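No value in this document is a laboratory result; all are computed from the given coordinates. What you see is a predicted model, and the numbers here were worked out from it, not measured in a lab. Ideal geometry is used to build each Cβ from the backbone, glycine not excepted, and the neighbour counts take in all protein chains shown.
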Amino acid sequence: MSEMTDEAEFVIDILKGKGKMTTTQIEDAIKVQGIACRDAASRFLPGLKAQGFIKGEFKNKTWMWWVD
């Protein structure tokens, strides 16, 4: 696994607290905190999945993201 960024840690904390979320729900949670990811969530989240930090599944025309 690669080294985790602050953005990655923030997203993982959101998912740990709320469980499975869509990309839009994660974007909204980030905006509420006044934090901007350097990449749009739609590009950032697949990278976290590829690195093994989060899980993701495309279902019913939307991505669902979670951590175990």
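Here are some notes:
- A straight Cα-to-Cα reach below 20 Å connects Lys16 with the aspartates and glutamates Glu3, Asp6, Glu7, Glu27, Asp28, Glu57, Asp68, residues fewer than 8 places away in its own chain not being considered.
- Charge dipole magnitude, Cβ of K and R +1, D and E -1 - the chain, Cα centre, debye nearest 20: 360 debye
- Coil-residue GluC sites (Glu not before Pro) of region 1-59, DSSP, other Cβ within 10 Å capped at 11: Glu3
- Options [x] 21, 62, 17, 0; [y] 20, 55, 22, 3; [z] 19, 35, 26, 16, 4 - which one matches P(r) over Cα pairs in 10 Å bins from 0, in percent as calculated here: [x]
- Centre separation in Å (Cα based) which lies between region 42-68 and region 7-41: 12 Å
- For the chain, the set of trypsin sites (Lys or Arg not before Pro) satisfying both a DSSP loop assignment and a count of at most 14 other C-beta atoms within 10 Å is given as Lys20, Arg38, Lys61.
- Amide H partners (placed H, <5 Å) of Val67, local residues excluded: Lys55
- Take every pair of alpha-carbon atoms less than 8 Å apart whose residues are at least six positions apart; their mean separation over the length of the chain yields a relative contact order of 41 percent.
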